[in-house]
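Taken together, the values in this text are just the output of simple stated rules run on the coordinates, not laboratory data. Everything quoted here is computed from the prediction, not taken from an experiment. Cβ sites come from the backbone with ideal geometry, for glycine too, and all protein chains shown count toward neighbours.
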Amino acid sequence: MEELEFRHRFVPGRPSGEGITLLLLHGTGGSETDLIPLGEELAPGAALLSPRGKVLENGMPRFFRRLAEGVFDQEDLQRQTDAMAQFIEAASRQYGLSESSMVAVGYSNGANIASSVLLRYPSLLAAAMLFRAMVPFQPQPPPDLRHARIFLAAGRRDPIVQQSETNRLAGILEAAGAEVATHWHDGGHELGRDDIAAAKAWISEWRAQR
Ligand code: MLT
């Protein structure tokens, strides 16, 4: 068995999951167990693949280094994005998962590594649900994301992610050909029940259309 790059949890899918895998990516200070309940709620029966970020900031796991809040270490981001892509490919082989059914679900720092993977390795993910995501970098030239469906959930009063940042990310993804839906939560960086309800409705529709 191949050595996988990230410490992680894997929950095999059930027939009701229709072969879908959710790649669960936690926020700063989280772990590989954090988003398992969210994954089970969003897509019951889907396989769940949940890595733990390898970068530590004052002991808190993250998926890449930052220089300040919202200011990313681009060299480390690229390195960690490459490592995540290798993890997705190796875990897919090991657990028999299909990349055309892989949906990233990321919160905050986890959403930021997910969008970095989307922009650098567009073919690895079929869809992404990004909660409180920022622009990881400006891709040049734009990748081809015409196959990708993306759900963004942003907070109108998020002190970490400004509304203009969410709109800029949506614009970058749309310019790459992705179909983007944005849910606006009437609050800040923390998730609300309305975020989860909107995400559930969105993924049910995505599943029905595949
Ligand atoms: C990040 O560093 O990815 C963002 O600032 C979100 C966070 O982790 O707080």
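Side notes on the structure shown:
- Cα gyration tensor shape of the chain, rounded if a/c is under 1.5, else prolate or oblate by comparing a/b with b/c: rounded
- For the pair segment 155-210 and segment 1-36, the centres of their Cα atoms are 21 angstrom apart.
- Site pair Gln209 and Asp73 shows an inter-label distance of 3.9 nm when each label is modelled 7 Å from Cα along Cα→Cβ.
- Pairs of Cα atoms nearer than 8 Å and 6+ residues apart set the relative contact order; for the chain it is 17 percent.
- Average Cα contact separation per residue, segment 1-69, under 8 Å, 6 or more apart, as relative contact order %: 36 percent
- Gain on full extension, evaluated as 0.36 nm per residue between Gln86 and Arg65 minus their Cα-Cα distance, stands at 5.7 nm.
- Between Glu40 and Lys54, the contour length at 0.36 nm per residue exceeds the Cα-Cα span by 2.6 nm.
- Pairwise label distance in nanometres, Asp144 with Arg168, each label 7 Å out on the Cα-Cβ vector: 2.8 nm
- For Ala197 and Arg157, the difference between the fully extended length at 0.36 nm per residue and the C-alpha to C-alpha distance is 12.5 nm.
- With contributions of -39500 (n - 2.57) from each DSSP H run of at least four residues, the per-residue ellipticity at 222 nm computed over the chain stands at -11000 deg cm²/dmol.
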